[in-house]
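The values are calculated or read from the model by the stated rules, or taken from the named source; none is laboratory data. Note that the coordinates shown come from a computational prediction; the quantities given were computed from them, not determined experimentally. Reconstructed Cβ throughout: ideal geometry from the backbone, glycine too, with neighbour counts over all protein chains shown.
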Amino acid sequence: MLEIKGLEVIYQGVIQGLSDLSLKVPQGSIVALLGANGAGKTTTLKAISNFLPLEDGRVTKGTITLEGDNILKLAPHEIVRRGVFHVREGRYVFSDMTVEENLIAATFAKKGSQSRQAAFDEVYTYFPILSQRRRQMAGYLSGGEQQMLAIGRALVADPRVILLDEPSLGLAPLIVNEIFEIIARINREKKVSILLVEQNAMIALKYASYGYVLESGHSVLEGTTQDLAANKDIQKFYLGRVDEFEQA
Ligand SMILES: Nc1ncnc2c1ncn2[C@@H]1O[C@H](COP(=O)(O)OP(=O)(O)OP(=O)(O)O)[C@@H](O)[C@H]1O
């Protein structure tokens, strides 16, 4: 279980990124973070992976625990070693390295007894297209393939939790569905928990079991995704539906 309690984040000493945010990601679950631009979704992921100092951001209050252990002050590579892998928005892959070299670069974080080749084979089983492209420069892959590679790099690390930021960004609906089906398989088969930030609320509510709606850095609504999908405000503001009364 990954748990955040009362988290406050301040950028550059003055800009509030999060205020009193609490949330839980139970082991093996997919939990979605929804919210408008600037609500604090990406900041939440960066606080967990400890990427905030790169942007002059700091956690000023609260705790982040993994299986009860405080991970707040750990260095980013140590957090990866504990099994928490951040797949950043914008598909961070090494564009002038091949697909396989990108996977090799992720082995620094590999733990467990699985051999390197077995880890790569697992990635290629989930994403067969990456196997066909293994000697191709990552920069020449399509956006969808780059997203697959970014997730594949996380898989090499044998994670317990993947922090997944906007995997659908800029991708066509068909490829988004394909990627989410694979994410759901990874979650089911490998029991990897996923904390998902996703602007596409429809898809987030479909694949996650629980969700939090963030506004101004804290959670204003939480619930099962079934309940959230039935909520009138969510339907209006996130799913683009207006009720019959308003349409008349
Ligand atoms: N590097 C930064 N420096 C200063 N302020 C920042 C920085 N990153 C984020 N913020 C501020 O922190 C708040 C939360 O931003 P964050 O990027 O976490 O929101 P978000 O919900 O992920 O938005 P989006 O959907 O647009 O990515 C916003 O007010 C934002 O302007």
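Restricting attention to segment 131-139, does a residue exist that is under 27 Å from I79 (Cα atoms) and of a type outside the set (S, T, N, Q)?
The answer is yes, given that some residue of segment 131-139 is under 27 Å from I79 (Cα atoms) and of a type outside the set (S, T, N, Q).
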Could you run through segment 30-45 and say how many residues are surrounded by 19 or more Cβ atoms within 10 Å (Cβ to Cβ) and either free of Cβ contacts under 8 Å to residues at least 12 places away in the same chain or closer than 18 Å to T225 by Cβ (or both)?
9
Right, E189: away from the ligand (no atom under 16 Å from the Cβ), free of Cβ contacts under 8 Å to residues at least 12 places away in the same chain and under 25 Å from L239 (Cα atoms) or not?
no
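Just the residues that are more than 17 Å from L18 (Cβ to Cβ) and touching a Leu at 6+ places or on another chain (Cβ under 7 Å), please, taken from segment 212-230.
So the first thing to find is which residues in segment 212-230 are more than 17 Å from L18 (Cβ to Cβ), and the list is 223-230.
Correct list: T225, L228, A229.
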Single residue of R58, R133, R82, R88 found to be modelled with pLDDT under 95, among the basic types (K, R), surrounded by 13 or more Cβ atoms within 10 Å (Cβ to Cβ) and touching a helix residue (DSSP H, G or I) at 6+ places or on another chain (Cβ under 9 Å):
R88
